[in-house]
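Asker: Pasting a structure below so you can have a look.
The values are calculated or read from the model by the stated rules, or taken from the named source; none is laboratory data. In this text the structure is predicted, and so the values were computed from the model without any measurement. Cβ placement follows ideal geometry from the backbone for every residue including glycine, while neighbour counts extend to all protein chains displayed.
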Amino acid sequence: MRSDYWDQPAFETIRPRRMVAPLVFNSPHSGRLYPDRFLAMTRLDHLSIRQSEDAYVDELFGRAPHLGAPLLRAHFPRAYLDVNREPWELDPTMFVEPLSERFNTTSPRVAAGLGTLARVVAENKPIYRERLTFEDARMRIEGIYHPYHAALQNLLSEAATRFGVAVLIDCHSMPQLGRHGERATPDIVLGDRYGTTCSPALIDLVETGFIAAGLKVARNRPYAGGFCTRAYGRPQHGVHALQIEVSRHLYMNEATLEKNAGFEPLRQLIDSMIHALIGLDLLALATPAPSPERAAAE
């Protein structure tokens, strides 16, 4: 099967003129190039299919290369392929053929309809008119997913070779969380898999910056870090990973997906955070993170 992205890049690595710190920024869910074949397969309208996007996150973190750190960003949408999942986390009800037992078909993410190939978008809306063939999954996973992760691994290896450590900042957005009683819910959620994927100095620095700007910050609840954070974060081996979830209400209208007046101030705040990360003492990252009991939340 010919790739749906045969005529355009499925993702892009934007490199700095000179890498000045061991930082690698990753925006796996901000893609908004929808292939015509995929749009013909979906029952959703153009706005509904976009509800899974981390819209404009690649732009919020877009100055990272100008400041000296590479940015890997997807052009394919999350509704088409989710690289923040295991490579073969598939829902057997989505396919014409039975799936091999070697695939992960029983994870909580698959049960929620949010596997490597999602079954639904936000508000549990089914994506597809008909079941897919396994060749469709193979084309997306072997042709896009694996090359994407190879590119991410290469960037982290380059950083580790040059600086002795590597730091993955996994960039995401989240729907505005509701209010629980009188307690306001967070604007930012930082995920380090409960202290297991990065140095405390790293998450402390990012948290302090957002709090100083007047934002409410939570750690690991409700998002502790997805596949990328879990798979790459190995602080005991010099590779740190931190997931950042930014509430969409801070910078856009969640219904229309239009940027609001908060977009530019938030982008400038993130620029300042990137500057602070670039200035982080590498010796602070040399101390392994503590290893409390790992939790399964994601």
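Asker: Taking the stated definitions as given, is L152 in contact (Cβ under 8 Å) with a residue 12 or more places away in the chain, touching a Pro at 6+ places or on another chain (Cβ under 9 Å), within 20 Å of C198 (Cβ to Cβ) and not small (G, A, S)? Spell out the reasoning first.
Answerer: Details: in contact (Cβ under 8 Å) with a residue 12 or more places away in the chain: yes; touching a Pro at 6+ places or on another chain (Cβ under 9 Å): yes; within 20 Å of C198 (Cβ to Cβ): yes; not small (G, A, S): yes.
The answer is yes for L152.
Asker: Considering each of L242, L269, L168 in turn, give the residue that is modelled with pLDDT of 95 or more, among the aliphatic types (A, V, I, L, M) and more than 23 Å from S52 (Cα to Cα).
Answerer: Details: L242 fails: more than 23 Å from S52 (Cα to Cα); L168 fails: more than 23 Å from S52 (Cα to Cα).
Residue meeting the stated conditions: L269.
Asker: Would you be able to tell me the number of residues in segment 227-268 that are β-branched (V, I, T) and in a loop (DSSP other than H, G, I, E, B)?
Answerer: Our first condition is that a residue be β-branched (V, I, T); within segment 227-268, this holds for 229, 239, 244, 246, 256.
Add one more test, that the residue is in a loop (DSSP other than H, G, I, E, B), and what stays is 256.
Of the residues in that region, 1 qualify.
Asker: Name, by its number, the condition in (1) part of a loop (DSSP other than H, G, I, E, B); (2) in contact with a Pro (Cβ under 9 Å, 6 or more places away or on another chain); (3) surrounded by fewer than 14 Cβ atoms within 10 Å (Cβ to Cβ) that does not hold for H146.
Answerer: So H146 meets the others, but not (1).
Asker: Here is a follow-up. Do we have R294 as at pLDDT below 95, among the basic types (K, R) and surrounded by fewer than 19 Cβ atoms within 10 Å (Cβ to Cβ) here? So that I can check it myself, show each step before the final result.
Answerer: On the way: at pLDDT below 95: yes; among the basic types (K, R): yes; surrounded by fewer than 19 Cβ atoms within 10 Å (Cβ to Cβ): yes.
Yes.
Asker: Scan segment 204-226 for residues that are part of a helix (DSSP H, G or I), of a type in the set (A, V, I, L, M, F, W, C) and farther than 15 Å from F25 by Cα and jot them down.
Answerer: L205, F210, I211, A212
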